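Working notes, beginning with the structure itself.
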Amino acid sequence: MTKYLIMLVLLTASIQAHANIPVEDLNLGFKPKIGITVDYIPAVNNMYGITLSPYHYDRDYAQWGYYIGYAKSSEEDMHLTSPSEGYTQDTLWRFGLSYSLTHNFSIYGGATAYSNESRHTDGKTPKIVDGEPIWIEESDTTWGGEIGLRYMMDFGLMISTGYDTASESAVISVGWTM
(Lines give C-alpha, C1' and ligand atoms only; values in the text may rest on other atoms or scores of the structure.)
Protein backbone atom coordinates (compact mmCIF):
# COMPACT_ATOMS: atom_id res chain seq x y z
CA MET A 1 0.00 0.00 0.00
CA THR A 2 2.81 2.46 0.80
CA LYS A 3 4.28 1.69 -2.60
CA TYR A 4 1.06 2.83 -4.31
CA LEU A 5 0.84 5.93 -2.12
CA ILE A 6 4.41 7.01 -3.00
CA MET A 7 3.71 6.45 -6.71
CA LEU A 8 0.53 8.54 -6.44
CA VAL A 9 2.40 11.43 -4.75
CA LEU A 10 5.16 11.31 -7.40
CA LEU A 11 2.61 11.23 -10.21
CA THR A 12 0.75 14.24 -8.82
CA ALA A 13 4.00 16.16 -8.33
CA SER A 14 5.16 15.38 -11.86
CA ILE A 15 2.00 16.67 -13.52
CA GLN A 16 3.25 20.23 -12.98
CA ALA A 17 6.76 19.46 -14.29
CA HIS A 18 7.64 20.83 -17.72
CA ALA A 19 10.70 20.48 -19.88
CA ASN A 20 13.10 23.43 -19.91
CA ILE A 21 12.13 25.15 -23.12
CA PRO A 22 14.75 27.75 -24.16
CA VAL A 23 13.59 31.32 -24.44
CA GLU A 24 13.61 32.75 -27.95
CA ASP A 25 17.08 34.11 -28.76
CA LEU A 26 16.85 37.88 -29.26
CA ASN A 27 20.43 38.26 -30.50
CA LEU A 28 20.24 36.19 -33.66
CA GLY A 29 23.35 36.64 -35.76
CA PHE A 30 25.62 37.91 -32.99
CA LYS A 31 27.56 34.74 -32.43
CA PRO A 32 30.68 34.38 -30.28
CA LYS A 33 33.85 34.94 -32.28
CA ILE A 34 37.48 35.91 -31.86
CA GLY A 35 39.66 38.00 -34.12
CA ILE A 36 43.42 38.21 -34.49
CA THR A 37 44.96 41.10 -36.39
CA VAL A 38 48.37 42.39 -37.43
CA ASP A 39 48.76 46.07 -36.57
CA TYR A 40 50.75 48.95 -38.06
CA ILE A 41 51.21 52.17 -36.07
CA PRO A 42 53.03 54.94 -38.01
CA ALA A 43 54.35 56.77 -34.94
CA VAL A 44 57.82 58.40 -34.64
CA ASN A 45 59.33 54.92 -35.08
CA ASN A 46 57.07 52.64 -37.12
CA MET A 47 55.59 49.97 -34.85
CA TYR A 48 54.20 46.56 -35.77
CA GLY A 49 52.15 44.38 -33.46
CA ILE A 50 49.32 41.96 -32.87
CA THR A 51 45.83 42.30 -31.35
CA LEU A 52 43.40 39.68 -29.99
CA SER A 53 39.74 40.70 -29.96
CA PRO A 54 37.15 38.19 -28.68
CA TYR A 55 33.44 38.98 -28.77
CA HIS A 56 31.41 38.03 -25.71
CA TYR A 57 30.15 34.48 -25.22
CA ASP A 58 27.24 35.52 -22.98
CA ARG A 59 24.04 35.76 -25.06
CA ASP A 60 22.84 38.73 -22.98
CA TYR A 61 25.91 40.74 -24.05
CA ALA A 62 26.56 39.26 -27.51
CA GLN A 63 27.25 42.67 -29.05
CA TRP A 64 30.08 43.45 -26.62
CA GLY A 65 33.69 42.40 -26.88
CA TYR A 66 37.11 43.40 -25.68
CA TYR A 67 40.62 43.54 -27.10
CA ILE A 68 44.27 43.59 -26.08
CA GLY A 69 47.15 44.51 -28.34
CA TYR A 70 50.91 44.92 -28.26
CA ALA A 71 53.17 46.69 -30.77
CA LYS A 72 56.89 47.29 -30.86
CA SER A 73 59.30 49.22 -33.08
CA SER A 74 62.73 48.14 -34.22
CA GLU A 75 65.78 49.53 -32.46
CA GLU A 76 66.73 52.94 -33.91
CA ASP A 77 70.33 54.13 -33.64
CA MET A 78 70.79 57.41 -31.73
CA HIS A 79 73.77 58.50 -33.93
CA LEU A 80 76.07 59.43 -31.03
CA THR A 81 79.71 60.38 -31.54
CA SER A 82 82.18 57.53 -31.15
CA PRO A 83 82.97 55.82 -28.74
CA SER A 84 79.45 56.44 -27.39
CA GLU A 85 76.63 54.30 -28.71
CA GLY A 86 72.91 54.10 -28.10
CA TYR A 87 69.50 53.20 -29.45
CA THR A 88 65.82 53.90 -28.83
CA GLN A 89 62.81 51.61 -29.05
CA ASP A 90 59.05 52.26 -28.75
CA THR A 91 56.32 49.94 -27.41
CA LEU A 92 52.55 50.34 -27.28
CA TRP A 93 50.05 48.38 -25.17
CA ARG A 94 46.37 48.72 -26.11
CA PHE A 95 43.30 47.39 -24.30
CA GLY A 96 39.62 48.24 -24.26
CA LEU A 97 36.03 47.37 -25.24
CA SER A 98 34.23 47.01 -28.55
CA TYR A 99 30.55 47.19 -29.42
CA SER A 100 28.90 45.77 -32.57
CA LEU A 101 26.64 48.27 -34.30
CA THR A 102 25.64 45.77 -37.00
CA HIS A 103 26.77 42.27 -37.92
CA ASN A 104 29.77 43.70 -39.78
CA PHE A 105 30.57 47.09 -38.19
CA SER A 106 31.74 47.68 -34.64
CA ILE A 107 33.35 50.54 -32.76
CA TYR A 108 36.12 50.15 -30.21
CA GLY A 109 37.82 52.32 -27.66
CA GLY A 110 40.12 51.97 -24.72
CA ALA A 111 43.35 52.93 -23.01
CA THR A 112 46.90 52.83 -24.36
CA ALA A 113 50.35 52.96 -22.81
CA TYR A 114 53.09 54.27 -25.12
CA SER A 115 56.67 53.77 -23.88
CA ASN A 116 59.83 55.25 -25.37
CA GLU A 117 62.92 53.47 -24.05
CA SER A 118 66.49 54.58 -24.75
CA ARG A 119 69.80 52.92 -23.87
CA HIS A 120 73.11 54.68 -24.35
CA THR A 121 76.67 54.83 -23.06
CA ASP A 122 78.59 57.91 -22.02
CA GLY A 123 81.63 56.85 -24.04
CA LYS A 124 83.78 56.07 -21.01
CA THR A 125 85.07 52.56 -20.35
CA PRO A 126 86.64 51.30 -17.15
CA LYS A 127 90.45 51.00 -17.36
CA ILE A 128 90.48 47.30 -16.48
CA VAL A 129 90.99 44.14 -18.48
CA ASP A 130 87.88 43.32 -20.52
CA GLY A 131 86.25 46.58 -19.37
CA GLU A 132 82.82 47.21 -20.89
CA PRO A 133 81.08 50.61 -21.13
CA ILE A 134 78.33 51.37 -18.65
CA TRP A 135 74.86 51.46 -20.22
CA ILE A 136 72.37 54.09 -19.08
CA GLU A 137 68.68 53.24 -19.47
CA GLU A 138 65.87 55.79 -19.63
CA SER A 139 62.16 55.15 -20.11
CA ASP A 140 59.18 57.43 -20.57
CA THR A 141 55.58 56.13 -20.57
CA THR A 142 52.63 58.16 -21.83
CA TRP A 143 49.05 57.05 -21.16
CA GLY A 144 46.34 57.86 -23.64
CA GLY A 145 43.17 56.64 -25.26
CA GLU A 146 42.07 55.37 -28.63
CA ILE A 147 38.90 55.04 -30.65
CA GLY A 148 38.29 53.28 -33.92
CA LEU A 149 36.02 51.46 -36.34
CA ARG A 150 36.21 47.76 -37.25
CA TYR A 151 34.70 46.05 -40.30
CA MET A 152 34.32 42.25 -40.43
CA MET A 153 33.52 40.68 -43.78
CA ASP A 154 31.26 37.63 -43.96
CA PHE A 155 34.09 35.29 -44.94
CA GLY A 156 36.26 36.26 -41.95
CA LEU A 157 38.52 39.12 -43.09
CA MET A 158 38.65 41.96 -40.57
CA ILE A 159 39.91 45.51 -41.24
CA SER A 160 40.07 48.24 -38.62
CA THR A 161 41.41 51.73 -38.28
CA GLY A 162 41.57 54.08 -35.33
CA TYR A 163 43.44 56.94 -33.68
CA ASP A 164 45.70 56.70 -30.62
CA THR A 165 46.29 59.83 -28.52
CA ALA A 166 49.38 58.54 -26.69
CA SER A 167 51.47 57.98 -29.83
CA GLU A 168 49.50 60.65 -31.75
CA SER A 169 49.12 58.35 -34.74
CA ALA A 170 46.73 56.04 -36.53
CA VAL A 171 46.32 52.34 -35.77
CA ILE A 172 45.74 50.25 -38.91
CA SER A 173 44.88 46.55 -38.51
CA VAL A 174 44.18 43.66 -40.87
CA GLY A 175 43.30 40.17 -39.64
CA TRP A 176 40.95 37.24 -39.46
CA THR A 177 37.91 36.33 -37.34
CA MET A 178 36.82 32.84 -36.39
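The values are calculated or read from the model by the stated rules, or taken from the named source; none is laboratory data. This one's a predicted model, so the numbers in the text were calculated from it and none came from an experiment. Because the Cβ atoms are built from the backbone with ideal geometry, glycine has one as well, and the counts that use them run over all protein chains shown. Accessible surface is based on the protein model in full, side chains and every heavy atom, while ligands, DNA and RNA are left aside. Shrake-Rupley method; radii C 1.70, N 1.55, O 1.52, S 1.80 Å.
Numbers for the structure displayed
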{"quantity": "The stretch 59-178, dipole about Cα centre (Lys/Arg Cβ +1, Asp/Glu Cβ -1), debye to the nearest 20", "calculated": "540 debye"}
{"quantity": "Global geometry of the chain, whether rounded, prolate or oblate, following the gyration tensor of its Cα atoms and the 1.5 cut on a/c", "calculated": "prolate"}
{"quantity": "Accessible surface of the stretch 111-178 [probe 1.4 Å, protein heavy atoms]: carbon and sulfur percent", "calculated": "59 percent"}
{"quantity": "Summed residue charge, Cβ within 13 Å of TYR114's Cβ, Lys/Arg positive, Asp/Glu negative", "calculated": "-4"}
{"quantity": "Nearest-ten-degree value, helix 2-15 long axis tilted from longest Cα axis of the chain", "calculated": "60 degrees"}
{"quantity": "Sites TYR4 and LYS31, calculated FRET efficiency, Cβ-Cβ separation with R0 35 Å, nearest 0.05", "calculated": "0.10"}
{"quantity": "Reach of LYS31 by Cα under 18 Å, taken over aspartates and glutamates that are not fewer than 8 positions away in the same chain", "calculated": "ASP58, ASP60, ASP154"}
{"quantity": "For SER173, net neighbour charge (Lys/Arg +1, Asp/Glu -1) across residues whose Cβ lies under 13 Å away", "calculated": "-1"}
{"quantity": "Label-reachable residues, the stretch 52-87, where backbone N falls under 20 Å from a point 7 Å from ASP122's Cα toward its Cβ", "calculated": "78-87"}
{"quantity": "Added length on full extension, which subtracts the Cα-Cα distance from 0.36 nm per residue, GLU132 to PHE155", "calculated": "2.7 nm"}
{"quantity": "Among PHE155, PHE95, PHE105, residue whose mean-square fluctuation peaks in a GNM of the chain (springs only between Cα atoms under 10 Å)", "calculated": "PHE155"}
{"quantity": "Under 15 Å, Cβ to Cβ, from GLY148 - net charge with Lys/Arg +1 and Asp/Glu -1", "calculated": "-2"}
{"quantity": "Helical mean residue ellipticity (222 nm; -39500 (n - 2.57) per DSSP H run of 4+; nearest 500) of the chain", "calculated": "-2500 deg cm²/dmol"}
{"quantity": "Where labels lie 7 Å past Cα in the beta-carbon direction, separation of TYR40 and GLN63 in nm", "calculated": "3.3 nm"}
{"quantity": "The stretch 128-178 shape via C-alpha gyration tensor axes, a/c threshold 1.5", "calculated": "oblate"}
{"quantity": "Accessible area of the stretch 51-110 divided out per residue, in Å², using a probe of 1.4 angstrom", "calculated": "57 Å²"}
{"quantity": "5 angstrom amide H check on ASP122, placed H, neighbours 5+ away", "calculated": "ILE134"}
{"quantity": "Trypsin sites (Lys or Arg not before Pro) within the stretch 60-152: DSSP coil, no more than 15 neighbouring Cβ in 10 Å", "calculated": "LYS124, LYS127"}
{"quantity": "Highest-fluctuation residue, PRO126, PRO32, PRO54 considered, GNM on the chain with Cα pairs under 10 Å", "calculated": "PRO126"}
